[in-house]
Amino acid sequence: MLQPVLRPFHPSDVAAIQNRDGTQVASRTILDQAAAGPAFTAVIEERPIGCAGMVMPWPGVGMAWMLLSEDIGAHGLWLTRTVRSFLADMTHRHGLHRIEAMVLDGEHRNQQWLLALGFTAEQYGIARRYLPDQRSMVRYEWVKEH
């Protein structure tokens, strides 16, 4: 089986990836996030199967985002190792003490994955009626302890 490789994010990647979790945010939002910080795309034979990145709204804080196709499922271990490496690199390179991530409420697969990556659910972490269609999101955090 071919392993994915990483390359820099291209705006056309968003249209090439059908989100495995359905539509959560508009393509314009993903494009804005990708333009606001480091972003990359996982490809197999030049076909995008996922993209991710981080927005840093102020010093020390990163907001992680990701868009995955169903095709990424066969590469779960690779994805987990790659994201762990990316998070460690961003933490070191940008002096982050906090990273945030959000998951659609009810998406247990994604929630469990964030926990496996070392995130914890925020104490009052339900962002009710957060999306334009009024679905709620669950907020997760990774906080560097002194």
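The values are calculated or read from the model by the stated rules, or taken from the named source; none is laboratory data. Predicted, not measured: the structure shown is a model, and the values here were computed from it. For neighbour counting, all protein chains shown are included, and Cβ atoms are generated from backbone atoms with ideal geometry for every residue, glycine included.
Scanning the stretch 54-113 for residues that are touching a strand residue (DSSP E or B) at 6+ places or on another chain (Cβ under 8 Å), over 26 Å from Ala16 (Cα atoms) and assigned to a loop (DSSP other than H, G, I, E, B) turns up Gly60, Leu96, His97. If the condition is being free of Cβ contacts under 8 Å to residues at least 24 places away in the same chain and closer than 17 Å to Arg81 by Cα, then the stretch 1-36 contributes no residue at all.
Checked against the criterion of being within 18 Å of Ile30 (Cβ to Cβ), surrounded by fewer than 12 Cβ atoms within 10 Å (Cβ to Cβ) and without any contact (Cβ under 8 Å) to a residue 60 or more places away in the chain, the stretch 76-85 contains not a single residue that satisfies it. In summary, Tyr140 fulfils each of the numbered conditions (1) outside any helix (DSSP H, G or I); (2) at pLDDT below 95; (3) among the hydroxyl-bearing types (Ser, Thr, Tyr); (4) touching a helix residue (DSSP H, G or I) at 6+ places or on another chain (Cβ under 9 Å) with the single exception of condition (2). Taking the residues in the stretch 118-134 that are free of Cβ contacts under 8 Å to residues at least 60 places away in the same chain and in a loop (DSSP other than H, G, I, E, B) as candidates, determine which candidate is surrounded by the most Cβ atoms within 10 Å (Cβ to Cβ). Here the residue is Phe119. Looking across the stretch 1-40, just one residue is in a strand (DSSP E or B) and touching a Leu at 6+ places or on another chain (Cβ under 7 Å), and that is Phe40. Being without any contact (Cβ under 8 Å) to a residue 40 or more places away in the chain, touching a Gly at 6+ places or on another chain (Cβ under 8 Å) and small (Gly, Ala, Ser) is the filter here; which residues of the stretch 37-65 pass it? Hits for the stretch 37-65 are Gly37, Ala39, Gly60, Gly62, Ala64. Name the single residue, out of those in the stretch 94-117 being farther than 24 Å from Pro4 by Cα and loosely packed, with under 13 Cβ neighbours inside 10 Å, that is modelled with the highest pLDDT. Step by step, filter the stretch 94-117, then rank; the result is Gly95.
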